[in-house]
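Visitor: Pasting a structure here, questions to come.
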Amino acid sequence: MTLSVVMTSFLLTTLDAGSLLATLAVALAIGVAIGLFNALLVLGFKINAVIATIGTLGIVSGVSIFLRPEPGGVVAPQLSINLMEGIGAVPYCLIVALVIAVVLDVWLMRGHGGLAARAAGLDAESSRRIGVRVDRVRTIGFVVAAVGAVGGGIFLASQVGMGSNDVGLSFALPTFAACFLGGASLAGGRGTFLGASLGVVLLTMIGNAGLLLGYTDAVSQIIYGVILLVAVTSYALAARKAAA
């Protein structure tokens, strides 16, 4: 997300067609490249996924600092105005995101590709035995996740209005928390897109309430951390109880 904000501050200074096409092309290239790199580390070199992605985070953060040592550049002001248009206080982009989450959940629960993705996450070896191309599924997952993060970075850039080399780093913790609130598990094969989206909405509401109550960002991070630990612990206890 941070690299996406930095990239946008160089390319999307206006909303003309040329700038938009260049930004989207570079954003897609960044997402695909990072996703494939993560897949290579995890599937090719057999590095633990958490360790591999943390390493990639360090590399991408370094690139962002190299490109923008200090905050600078400008993101087209009209971008924020356009993205905030909606029905009353609900932006169209939020509505579209929730619709996409519902459609993806239908695919995840009933589509052949969705069932294969869940199986590959839950039990890779068993999935291979029944013909699921686990490495292909996981590679696509890494690429889609990275492209999604880059897309989120463009939305973030519209709010920040300039390039900054650390603007997205605070989103790591709430991202984990939102996924676990949506039922995801580190063991894989669980969770839903809509559940994660509703987790995002909940955490956003908590963050906004903190601002209204005068809480600092430090307090918000503590709250996110507590929510993450409670969610993970609850699922772990539930799984242990079910196994017993």
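The values are calculated or read from the model by the stated rules, or taken from the named source; none is laboratory data. This structure is a prediction, so every number in the text was calculated from the model and none was measured. Ideal geometry is used to build each Cβ from the backbone, glycine not excepted, and the neighbour counts take in all protein chains shown.
Visitor: For the range 73-120: of the residues being touching a Cys at 6+ places or on another chain (Cβ under 9 Å) and without any contact (Cβ under 8 Å) to a residue 24 or more places away in the chain, which is surrounded by the fewest Cβ atoms within 10 Å (Cβ to Cβ)? Before you say what the answer is, go through the steps one by one.
Guide: Kept after step one, since they are touching a Cys at 6+ places or on another chain (Cβ under 9 Å), are these residues of the range 73-120: 83-86.
Going one step further and asking which of them are without any contact (Cβ under 8 Å) to a residue 24 or more places away in the chain, we end up with 84-86.
Numbers: MET84: 14, GLU85: 9, GLY86: 13.
Across the range 73-120, the extreme among qualifying residues is GLU85.
Visitor: Would you check which residues across the range 202-219 are under 19 Å from the mean Cα position of the chain (by Cα) and of a type outside the set (A, V, I, L, M, F, W, C) and list them?
Guide: If we filter the range 202-219 for residues that are under 19 Å from the mean Cα position of the chain (by Cα), which is where we start, we get 202-207.
If the condition is that a residue be under 19 Å from the mean Cα position of the chain (by Cα) and of a type outside the set (A, V, I, L, M, F, W, C), then THR204, GLY207 are the ones that fit.
Visitor: Yes or no: ALA218 within 24 Å of ILE54 (Cα to Cα), buried (at least 17 other Cβ atoms within 10 Å of the Cβ) and among the aliphatic types (A, V, I, L, M)? Reasoning before the result, please.
Guide: Values: within 24 Å of ILE54 (Cα to Cα): yes; buried (at least 17 other Cβ atoms within 10 Å of the Cβ): no; among the aliphatic types (A, V, I, L, M): yes.
No: the conditions fail for ALA218.
Visitor: Now, a different point. Please determine whether any residue of the range 182-190 is under 24 Å from LEU83 (Cβ atoms), of a type in the set (Gly, Ala, Ser) and at pLDDT 90 or above.
Guide: Let us first name the residues in the range 182-190 that are under 24 Å from LEU83 (Cβ atoms), namely 182.
Adding the requirement that they be of a type in the set (Gly, Ala, Ser) leaves 182.
Remaining after also requiring at pLDDT 90 or above: none.
Within the range 182-190 (the criterion being under 24 Å from LEU83 (Cβ atoms), of a type in the set (Gly, Ala, Ser) and at pLDDT 90 or above), the answer is no, since none of the residues qualifies.
Visitor: Against the conditions (1) free of Cβ contacts under 8 Å to residues at least 40 places away in the same chain; (2) surrounded by 15 or more Cβ atoms within 10 Å (Cβ to Cβ), where does GLY62 fall short? Just the number, please.
Guide: Exception for GLY62: condition (2).
Visitor: Oh, and also: For the range 124-135, name all the residues that are surrounded by 17 or more Cβ atoms within 10 Å (Cβ to Cβ) and either within 18 Å of the chain's Cα centre (by Cα) or outside any helix (DSSP H, G or I) (or both).
Guide: Across the range 124-135, the qualifying residue is only VAL132.
Visitor: Turning to a different aspect of this structure: Looking at LEU194, is it aliphatic (A, V, I, L, M), assigned to a loop (DSSP other than H, G, I, E, B), closer than 28 Å to SER126 by Cα and under 21 Å from the mean Cα position of the chain (by Cα)?
Guide: For LEU194, the condition - aliphatic (A, V, I, L, M), assigned to a loop (DSSP other than H, G, I, E, B), closer than 28 Å to SER126 by Cα and under 21 Å from the mean Cα position of the chain (by Cα) - is not met.
Visitor: I need the full set of residues from the range 148-168 which are surrounded by 19 or more Cβ atoms within 10 Å (Cβ to Cβ) and either over 16 Å from the mean Cα position of the chain (by Cα) or within 21 Å of ALA116 (Cα to Cα) (or both), in order please.
Guide: Of everything in the range 148-168, those that are surrounded by 19 or more Cβ atoms within 10 Å (Cβ to Cβ) and either over 16 Å from the mean Cα position of the chain (by Cα) or within 21 Å of ALA116 (Cα to Cα) (or both) turn out to be SER158, GLY163, SER164, ASN165.
Visitor: Determine whether the range 199-214 contains at least one residue that is assigned to a loop (DSSP other than H, G, I, E, B) and surrounded by 14 or more Cβ atoms within 10 Å (Cβ to Cβ).
Guide: Pass one, the range 199-214, residues assigned to a loop (DSSP other than H, G, I, E, B): 213-214.
Within this subset, residues satisfying the condition of being surrounded by 14 or more Cβ atoms within 10 Å (Cβ to Cβ) are none.
Checking the range 199-214: not a single residue is assigned to a loop (DSSP other than H, G, I, E, B) and surrounded by 14 or more Cβ atoms within 10 Å (Cβ to Cβ).
Visitor: I'm checking my understanding of the structure. Among residues of the range 215-244 that are of a type outside the set (S, T, N, Q) and not in a helix (DSSP H, G or I), which one is modelled with the highest pLDDT? Walk me through how you get there before you give the answer.
Guide: Step one: filter the range 215-244 for residues of a type outside the set (S, T, N, Q), giving 215, 217-219, 222-232, 235-244.
Checking the rest, the ones that are also not in a helix (DSSP H, G or I) come to 215, 244.
Working: TYR215: 82, ALA244: 71.
Ranking the candidates gives TYR215 first.
Visitor: So which residues in the range 144-189 are without any contact (Cβ under 8 Å) to a residue 60 or more places away in the chain, part of a helix (DSSP H, G or I) and among the hydrophobic types (A, V, I, L, M, F, W, C), if there are any at all?
Guide: LEU173, PHE176, ALA177, ALA178, CYS179, PHE180, LEU181
Visitor: A follow-up question, please. If a residue counts only when it is within 21 Å of THR175 (Cα to Cα), which helices (runs of 4 or more DSSP H) contained entirely in the range 1-106 have at least 3 such residues?
Guide: Details: elements: 2-11, 17-39, 49-67, 77-83.
Here the list reads 2-11, 17-39, 49-67.
Visitor: THR139 is checked against (1) modelled with pLDDT of 95 or more; (2) of a type outside the set (Phe, Trp, Tyr); (3) exposed (fewer than 13 other Cβ atoms within 10 Å of the Cβ); (4) not in a loop (DSSP other than H, G, I, E, B) and fails just one. What number does that condition carry?
Guide: With respect to (1) modelled with pLDDT of 95 or more; (2) of a type outside the set (Phe, Trp, Tyr); (3) exposed (fewer than 13 other Cβ atoms within 10 Å of the Cβ); (4) not in a loop (DSSP other than H, G, I, E, B), THR139 is out only on (3).
Visitor: Is it the case that the range 27-38 has a residue that's among the hydrophobic types (A, V, I, L, M, F, W, C) and either at positive phi or in contact with a Pro (Cβ under 6 Å, 6 or more places away or on another chain) (or both)? Working first, answer last.
Guide: First pass over the range 27-38, keeping only residues among the hydrophobic types (A, V, I, L, M, F, W, C): 27-30, 32-34, 36-37.
From what is left, the residues that are either at positive phi or in contact with a Pro (Cβ under 6 Å, 6 or more places away or on another chain) (or both) are none.
Looking through the range 27-38, none of the residues is among the hydrophobic types (A, V, I, L, M, F, W, C) and either at positive phi or in contact with a Pro (Cβ under 6 Å, 6 or more places away or on another chain) (or both).
Visitor: Within the range 93-113, which residues are of a type in the set (Gly, Ala, Ser) and either under 17 Å from the mean Cα position of the chain (by Cα) or modelled with pLDDT of 95 or more (or both)? Break it down into steps so the answer makes sense when it comes.
Guide: Of all residues in the range 93-113, those of a type in the set (Gly, Ala, Ser) come to 97, 101, 111, 113.
Answer for the range 93-113, where residues must be of a type in the set (Gly, Ala, Ser) and either under 17 Å from the mean Cα position of the chain (by Cα) or modelled with pLDDT of 95 or more (or both): ALA97, ALA101.
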